[in-house]
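See structure below.
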Amino acid sequence: MSKVTALALTGAFLLSTAPARAAEADRALLSTFCDAANIKGSTCKRAKGYPNAGKRACDVTLTADRHRGKFIASGSPLLVVNYESGCEAHTTDNGGTVVFEQTGGKYAFRSFQPGTQGSECITLPKDEQQDLLICITGHMGQGILESGVAQMVFKEDVSKHINLALDVVLIAEDSEGAYGSNVVTCKEPFKVFDVSKPSVGPRRNTVTVEATYADAETIKTACGKNFPMPKEAFGDLAPGDAYVPDGQEKRGKLMIDLATRKVVPQN
């Protein structure tokens, strides 16, 4: 057998066993809050201790969106896994996050956090004792698509229950669904419409994101009625607001200082 053939067979074997290993890992996580008879694939059909479940049998399906890190300085490493549940509504994003703590080579269940989850998360060191988890958040309401950059803040109580909260450091607002165009308020010095793709910043405790935004010059032009009226625009704007037509926004990277919340465009 040639080396090329052997490598190809090894690769094929690893690919074929990867789903089985992932299923086994999910089953181990689910078993921390679910009876074996209620586990199927990545789903627990009746999660024990689900918040505000009452008499309902609340299902929990683990997604592939998960992150590890030492998010509490005095604690053990944590595993944070997004989940979906039929017990959650659109207002809680149809799911939430499960928090596990690594103890003795295994994971122990620490809490359900309905409605608290992010996407495109990254882990970065805060200092020598603690990591930070930074995520993109998003929610749609009345045609306004709100996204943001948030730090996941973890706190452990005396019962070892770990609570999770979102500390939003930057909010972006895309109003095309509400007005047919993005909109700025003329008193604002800076407006972000969309954020994505967070990455570790150039200095400690900074992150960068891809963004579309309006700087002071763009807002001045919009409020001076120097942009053409967008053909797609509809509805009535509030006094002191102005349209920024598609293509007139600035696009690029923004750097966010997590300590000061200062946002600086990167050339």
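Of note:
- Residue check, ALA242 out of contact with any Lys or Arg (no Cβ under 9 Å at 6 or more places or on another chain) and more than 21 Å from GLU120 (Cβ to Cβ): no
- The residue that is least open to solvent (accessible area, probe 1.4 Å), counting only those in region 158-174 that are farther than 21 Å from VAL81 by Cβ and either modelled with pLDDT of 95 or more or outside any loop (DSSP other than H, G, I, E, B) (or both), is ALA172.
- Scanning region 49-80 for residues that are open to solvent by 20 Å² or more (accessible area, probe 1.4 Å), without any contact (Cβ under 8 Å) to a residue 60 or more places away in the chain and either of a type in the set (Phe, Trp, Tyr) or part of a strand (DSSP E or B) (or both) gives THR61, THR63, ALA64, ASP65, ARG66, ARG68.
- Screening CYS34 with (1) in contact with a helix residue (DSSP H, G or I) (Cβ under 8 Å, 6 or more places away or on another chain); (2) not in a strand (DSSP E or B) gives one miss only, at (1).
- Residues of region 217-258 satisfying the condition of being surrounded by 11 or more Cβ atoms within 10 Å (Cβ to Cβ), small (Gly, Ala, Ser) and not in a strand (DSSP E or B): ALA222, ALA233, GLY235, GLY240
- When region 129-157 is limited to residues that are assigned to a loop (DSSP other than H, G, I, E, B) and modelled with pLDDT of 90 or more, the one that is nearest to the chain's Cα centre (by Cα) turns out to be GLN130.
- Filter pass, THR212 being assigned to a strand (DSSP E or B) and at pLDDT 95 or above: yes
- Only one of VAL264, VAL207, VAL195, VAL184 that is in a strand (DSSP E or B), open to solvent by less than 50 Å² (accessible area, probe 1.4 Å) and either among the small types (Gly, Ala, Ser) or in contact with a Pro (Cβ under 6 Å, 6 or more places away or on another chain) (or both): VAL207
The values are calculated or read from the model by the stated rules, or taken from the named source; none is laboratory data. These figures come from a predicted structure and were not determined experimentally. A quick note on method: Cβ atoms are made from the backbone with ideal geometry, for glycine too, and the neighbour counts reach across all protein chains shown. When the accessible area is computed, the model is the full protein with side chains, heavy atoms only, and any ligands, DNA or RNA have been set aside. Shrake-Rupley method; radii C 1.70, N 1.55, O 1.52, S 1.80 Å.
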